[in-house]
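Below is one structure, written out as structure tokens, with a few remarks after it.
The values are calculated or read from the model by the stated rules, or taken from the named source; none is laboratory data. Values in this document were obtained by computation on a predicted structure and should not be read as measured data. Neighbour counts are summed over all protein chains in view; Cβ atoms, including those assigned to glycine, are modelled from backbone coordinates with ideal geometry. Note: areas computed on protein heavy atoms with side chains; ligands, DNA, RNA excluded. Shrake-Rupley method; radii C 1.70, N 1.55, O 1.52, S 1.80 Å.
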2 protein chains.
Amino acid sequence: MRSPSVVTEPGLPESVTIYEVGPRDGLQNEKAIVPVAVKAEFVERLVAAGLPVVEATSFVHPRWVPQLADAAELLERLGPDGRRHPVLVPNERGLQRALDLDREHIAIFGSATETFAQRNLNSTLEDQFAMFGPTVERARAGGLDVRAYVSMCFGDPWEGDVAIEQVVAVGRRLLDLGASQLSLGDTIGVGTAGHVRALLEAFNGAGVPDDLLAVHFHDTYGQALANAEAALRHGVRTFDASAGGLGGCPYAESATGNLATEDLVWFLHGLGIRTGVDLAALVETSVWMADVLGRPSPSRVVQALAG
Amino acid sequence: MRSPSVVTEPGLPESVTIYEVGPRDGLQNEKAIVPVAVKAEFVERLVAAGLPVVEATSFVHPRWVPQLADAAELLERLGPDGRRHPVLVPNERGLQRALDLDREHIAIFGSATETFAQRNLNSTLEDQFAMFGPTVERARAGGLDVRAYVSMCFGDPWEGDVAIEQVVAVGRRLLDLGASQLSLGDTIGVGTAGHVRALLEAFNGAGVPDDLLAVHFHDTYGQALANAEAALRHGVRTFDASAGGLGGCPYAESATGNLATEDLVWFLHGLGIRTGVDLAALVETSVWMADVLGRPSPSRVVQALAG
């Protein structure tokens with residue numbers, strides 16, 4: 001299988017971490033409900049392809065995300081390697097389920113905007129911290145690692161522009177609660193490279209170094225990889241991505257996919273940056289999942305290499 | 001229509017030039033043969049949307065590119081504004097046709113590799129210069145501007161890797177013949193950001209400044225915009241792109257589209273870099289052309305904004 005020719009560049013790292021979100025952020029946005037055995041195989045194949053972290057599922061209420069109603073069963077199938085398989089936890093009840101299943105790594109889902117806090121968290125921008133506080137505290141007391149997503153960092157479908165200072169204030173407070181990493185999400189894919197750089201600089205200015213930050217881009221406007229490039233050049237070393245670019249129909253603005261892991265891997269390997277990922281095994285996995293879902297992968301690399 | 005929020009970045013230019021290749025590089029790779037009146041409307045709508053240069057067509061033999069067999073008729077319809085409508089010219093016979101039609105701007109199509117020179121030019125890597133020499137000389141004597149494409153700059157489907165020194169040597173000689181600008185083409189879309197930077201540096205080292213260079217990326221592996229970002233940061237100020245990402249089926253490796261003009265415009269405008277392009281008018285044009293061709297545009301921006 002073709003691979004990129006390697007031309008390194010001074011100042012870039014030898015390796016970075018890809019945080020794979022396909023089974024959770026990808027599948028929760030797919031119309032199809034995938035059988036739990038297929039999900040387990042998906043996660044296991046992603047791990048076998050070399051992805052160091054594969055977010056497996058979410059304990060949100062099945063009324064909101066029926067696609068992930070089998071979360072507990074999936075985690076039982078995946079076994080105890082919890083560090084590799086974080087699970088999204090919306091509240092203390094979700095945390096209890098995670099603790100009951102001996103998980104070691106959870107993620108919480110904060111909002112950078114008032115409207116999304118109300119719609120997604122049934123909270124306010126301010127009250128989310130009180131809501132997450134006990135969850136994070138108990139998780140940390142139990143030895144769990146806590147990642148905090150910050151959604152709508154670059155724009156919000158209801159509010160439009162989102163002030164950088166507001167995003168930094170939200171992120172700063174989630175770290176203060178005890179999160180070990182922030183994932184800065186461009187949930188609707190409107191961010192551009194200068195905005196990425198400005199947001200990262202503002203975090204640095206507020207005392208948050210790049211090694212506490214991950215970036216999470218959606219490809220709604222085709223900017224995901226260019227934004228990842230801007231973040232890499234700034235100093236970010238953790239990148240969220242979704243195998244095959246899973247995460248919604250590419251023809252609907254409201255539900256376009258994440259940055260495709262394969263396209264990110266091609267970019268990074270072309271720069272000689274190690275990811276640990278076996279691109280051929282990953283592409284094979286995405287082709288298989290596209291077949292399960294009954295639609296072609298939006299990843300350009302998958303399209304090119306699977307042909 | 002939604003537009004990117006603007007966050008500027010120090011060190012980047014106030015404006016750049018987009019060299020639109022959709023009517024030529026896009027349509028020559030489409031299966032459908034588009035009627036000449038539709039092509040003329042396409043070019044005129046692109047100009048009306050603010051694109052400063054729209055490569056209109058090619059005088060290659062219709063046996064090789066039947067899609068562009070109507071080149072002379074199209075140029076007659078477009079009228080005498082030749083500076084805005086370059087035409088591809090493969091040889092002296094093509095040049096004569098361009099001169100007969102009072103064109104002011106032509107492009108020649110060189111190869112960075114031996115195999116592609118043989119297959120595309122029926123020449124050798126070395127002999128292409130003797131072949132292009134009289135064409136460029138006569139064009140320049142007639143006051144025409146000559147752009148030189150260099151294809152397969154980042155990889156070749158038959159030869160694999162292409163040495164940077166070889167690309168620079170080819171480009172240098174095309175400039176020496178009298179070309180005013182080189183367009184460095186990643187014809188099969190395999191280039192990555194470090195490779196882009198290394199190639200540009202090698203040109204600079206050989207005495208070719210960035211303002212004589214344009215970049216021409218295909219999105220086969222999803223790298224086109226990230227590569228454009230690398231070129232922009234290096235100092236390139238002219239970017240080839242194709243309205244709607246025209247240029248082939250996204251599911252076939254051998255014929256994937258160019259960088260979509262809309263995705264490039266979103267990126268540049270997000271950085272506060274002027275292009276002169278009215279994004280809404282451009283998207284409308286691409287939606288109309290997608291309808292003519294009977295398949296959706298592969299541009300993410302078109303998909304998002306046309307929904």
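Per-residue Cβ counts within 10 Å, from other chains only, averaged over A:222-234: what number is that? Show your work: numbers first, answer last.
Details: counts 19, 10, 4, 9, 15, 5, 1, 9, 5, 0, 2, 4, 0.
So the per-residue partner count for this stretch is 6.
Within straight cross-link reach of A:K39, meaning Cα distance under 23 Å, which lysines are found once same-chain residues fewer than 8 apart are removed?
Answer for A:K39, where 23 Å is the Cα cut-off: A:K31, listed by chain and number.
Could you tell me which chymotrypsin sites (Phe, Trp or Tyr not before Pro) in segment A:119-187 are loop residues by DSSP with no more than 11 other beta carbons within 10 angstrom of their beta carbon?
Sparse-neighbourhood loop chymotrypsin sites (Phe, Trp or Tyr not before Pro): A:W158.
What percentage of the solvent-accessible surface of chain A, computed with a 1.4 Å probe over protein heavy atoms, is contributed by carbon and sulfur atoms?
Numbers: 5380 of 10750 Å².
Roughly 50 percent, rounded to a whole number.
Which value at 222 nm does chain A reach when only helices count, each DSSP H run of 4 or more adding -39,500 (n - 2.57), with the total divided by all residues and rounded to the nearest 500 deg cm²/dmol? Before the final figure, lay out the partial values.
Values: 11 runs with 123 residues, N = 307.
Mean residue ellipticity at 222 nm (helix-derived): -12000 deg cm²/dmol.
Indicate, rounded to the nearest 5 percent, the antiparallel portion of the DSSP beta bridges found entirely in the protein assembly as shown. Don't skip to the end; give the middle numbers.
Details: 4 of 66 bridges.
Bridges in the protein assembly as shown are about 5 percent antiparallel.
Let me know the charge dipole size of the protein assembly as shown about its Cα centre in debye, to the nearest 20, where only the beta-carbon of Lys, Arg (+1) and Asp, Glu (-1) is charged.
Roughly 340 debye, rounded to the nearest 20.
Give me the inter-chain shielding for B:184-197: mean count of other chain Cβ atoms within 10 Å, whole number please.
Across B:184-197, the average partner-chain Cβ count within 10 Å equals 5.
Kindly rank B:45-58, A:92-105 from highest to lowest mean number of other beta carbons found within 10 Å of each residue.
Ranked from most to least packed, the peptides come out as B:45-58, A:92-105.
For the pairing of chain A with chain B, what total accessible surface becomes buried, with a 1.4 angstrom probe, in square angstrom to the nearest 100? The partial results should precede the final answer.
On the way: alone 12680 and 12700 Å², together 21510 Å².
For chain A against chain B, roughly 3900 Å² becomes buried.
Provide an ascending nm list, one decimal, of label-point separations from A:D100 to the equivalent residue in each further copy; define each label point as 7 Å from Cα along Cα→Cβ.
Once sorted, the set of distances for A:D100 reads 8.3 nm.
Once you keep just the Cα pairs under 8 angstrom separated by 6 or more residues, what percentage relative contact order results for segment B:17-306?
18 percent.
Taking a probe of 1.4 Å, how large is the accessible area per residue of segment A:17-306, in Å²?
33 Å²
Shortest first, in nm, what separates the label point of A:E201 from those of the same position in the other copies (7 Å along Cα→Cβ)?
Shortest to longest, the spacings are 2.4 nm.
Once the label point is placed 7 Å from Cα along Cβ, list for A:S180 the distances to the corresponding points in the other copies, in nm, shortest first.
6.0
Around B:T275, with a cut-off of 14 angstrom between Cβ atoms, what is the net charge of the other residues, counting Lys and Arg +1 and Asp and Glu -1?
Net local charge, B:T275 excluded: -4.
Go through A:162-171, A:264-273 and give me the packing order, highest mean Cβ count within 10 Å leading.
Going from most to least packed, we get A:264-273, A:162-171.
Averaged over peptide A:262-268, how many Cβ atoms belonging to another chain are found within 10 Å of each residue's Cβ?
What the average comes to for A:262-268 is 4.
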